[in-house]
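These notes are about the structure you will find just below.
The values are calculated or read from the model by the stated rules, or taken from the named source; none is laboratory data. Quick caveat: nothing in here was measured; it's all calculated off a predicted structure. Heads up, the Cβs are rebuilt from the backbone with ideal geometry, glycines too, and the neighbour counts pull from every protein chain shown.
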Amino acid sequence: MNRPVSLYGIIADLRREHPTPAATQTLDMVVAELGRTRDNLKDAVAALSTRSLPPGGKPVLDELVDRARKADLYDLDYGKDPYDKPPPEPLDEGTLGIGALLAISSLVGMGLAIAAVIAGVNAIMHTGT
């Protein structure tokens with residue numbers, strides 16, 4: 001029975017096959033980079049090439065790359081990140097009208113508050129005892 005293969009399934013298989021600290025650390029580094037590259041192993045391996053792997057981790061990484069290439073999972077592209085910045089929604093007339101009414105009512109409220117303060121200060125200044 002053929003089961004579907006995923007990149008994380010291959011990593012789980014490698015963890016079981018290579019239960020050494022070096023393999024575990026290497027695969028942890030790969031998983032961390034996959035989070036940054038949106039599951040693109042090619043980009044993750046390129047980012048890891050500038051860092052030092054644990055001793056004995058390189059063969060595990062090479063085996064992961066080999067298995068991912070065979071399963072056609074090496075260079076996945078899920079497109080643009082939907083959580084990066086959503087496109088702005090168009091502003092309809094109803095929303096625009098509500099926003100304008102809120103702005104006008106706020107300005108009127110501030111104007112009345114300023115007038116009340118001025119009237120109060122004026123009343124205090126012109127009251128003589």
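Numbers at a glance
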read-out: Check on residue 107, in contact with a Ser or Thr (Cβ under 9 Å, 6 or more places away or on another chain) and aliphatic (A, V, I, L, M); value: no
read-out: Residues of the range 68-113 classified as assigned to a loop (DSSP other than H, G, I, E, B) and free of Cβ contacts under 8 Å to residues at least 40 places away in the same chain, total; value: 17
read-out: Selection within the range 107-129 - surrounded by 10 or more Cβ atoms within 10 Å (Cβ to Cβ) and of a type in the set (Val, Ile, Thr); value: 108, 114, 117, 118, 121
read-out: Residue within the range 100-116 that is among the β-branched types (Val, Ile, Thr), over 40 Å from the mean Cα position of the chain (by Cα) and either closer than 30 Å to residue 47 by Cα or not assigned by TED's automatic domain parsing to the domain that holds residue 31 (or both) present; value: yes
read-out: From the options 27, 34, 53, 64, residue that is in a loop (DSSP other than H, G, I, E, B), surrounded by 14 or more Cβ atoms within 10 Å (Cβ to Cβ) and in contact (Cβ under 8 Å) with a residue 24 or more places away in the chain; value: 53
